[in-house]
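Trainee: Pasting a structure below so you can have a look.
Every read-out reported here was derived from the displayed coordinates using simple, explicitly stated rules and does not represent laboratory data. Please read these numbers as outputs of a predicted model, since none were measured by experiment. As a convention, Cβ positions derive from the backbone with ideal geometry for all residues, glycine included, and neighbour counts pool all protein chains shown.
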Amino acid sequence: MQSKSANWYEVTAKYLKLDNDGTEKRVSEVFVVDAVSFTEAEKRITKEVSELGKAVEVKKINPAPFREVFYDDLDSEAKWFKAKLAFIESDEETGKEKRSNVVYLVQAEDFDEALSNINEVMKGSMEDFLTANIAETKICAVFIH
């Protein structure tokens, strides 16, 4: 399992996709790309999705809430899960716990594997954390520089 920190963008693109039976079908799919700007995100998605189909039209670009992406094989058909981890810090003066939430994108076949992958990547962390939430996303692919 690898991890990559970057500026991530979620991009929705419509394009003509060739089905298994050879017919073209217009689909709208969500992708994630690392880029330094909206312009670069649009350019990269247009290039990447053009390899999957034709008549690419970028419909929406938003900064993604992810801090990092945990992945194994970007070419696999595995699903993508959004995981919210709560990092726990203790205030030495008051003795109270403070939690700060961080969102990650995790590649896995299912929920249990997503949790396992999170624990694998985070096992070297010096900070205490709780897995607050894991949810499957509609993300089809992640494109990394």
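Trainee: Against the condition among the β-branched types (V, I, T), surrounded by 15 or more Cβ atoms within 10 Å (Cβ to Cβ) and not in a strand (DSSP E or B), how does V102 come out, does it pass?
Mentor: no
Trainee: Mind listing whichever residues of region 69-102 are among the aliphatic types (A, V, I, L, M) and in contact with a helix residue (DSSP H, G or I) (Cβ under 6 Å, 6 or more places away or on another chain)?
Mentor: A83 - this is the single residue of region 69-102 that is among the aliphatic types (A, V, I, L, M) and in contact with a helix residue (DSSP H, G or I) (Cβ under 6 Å, 6 or more places away or on another chain).
Trainee: Residues in region 84-93: is at least one under 18 Å from F143 (Cα atoms) and either loosely packed, with under 15 Cβ neighbours inside 10 Å or in contact (Cβ under 8 Å) with a residue 60 or more places away in the chain (or both)?
Mentor: no
Trainee: Can you find a residue that is part of a loop (DSSP other than H, G, I, E, B), closer than 29 Å to L115 by Cα and among the basic types (K, R) anywhere in region 88-96?
Mentor: yes
Trainee: Pick from A64, A78: which is within 17 Å of A6 (Cβ to Cβ) and in contact with an Asp or Glu (Cβ under 6 Å, 6 or more places away or on another chain)?
Mentor: Of A64, A78, the one residue that is within 17 Å of A6 (Cβ to Cβ) and in contact with an Asp or Glu (Cβ under 6 Å, 6 or more places away or on another chain) is A64.
Conditions (1) in a loop (DSSP other than H, G, I, E, B); (2) within 25 Å of N7 (Cβ to Cβ); (3) in contact with a strand residue (DSSP E or B) (Cβ under 6 Å, 6 or more places away or on another chain), marked per residue:
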| site | (1), (2), (3) |
| --- | --- |
| D73 | yes, yes, no |
| A83 | no, yes, yes |
| Q107 | no, yes, yes |
| E113 | no, no, no |
| N119 | no, no, no |
| A132 | no, yes, yes |
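Trainee: Of the residues A83, A108, which is of a type in the set (A, V, I, L, M) and over 25 Å from V36 (Cα atoms)?
Mentor: After applying the criteria, what remains is A108.
Trainee: Give region 2-51 a look and list any residue that's assigned to a strand (DSSP E or B), surrounded by 14 or more Cβ atoms within 10 Å (Cβ to Cβ) and without any contact (Cβ under 8 Å) to a residue 40 or more places away in the chain, or say none.
Mentor: L16, K17, V27
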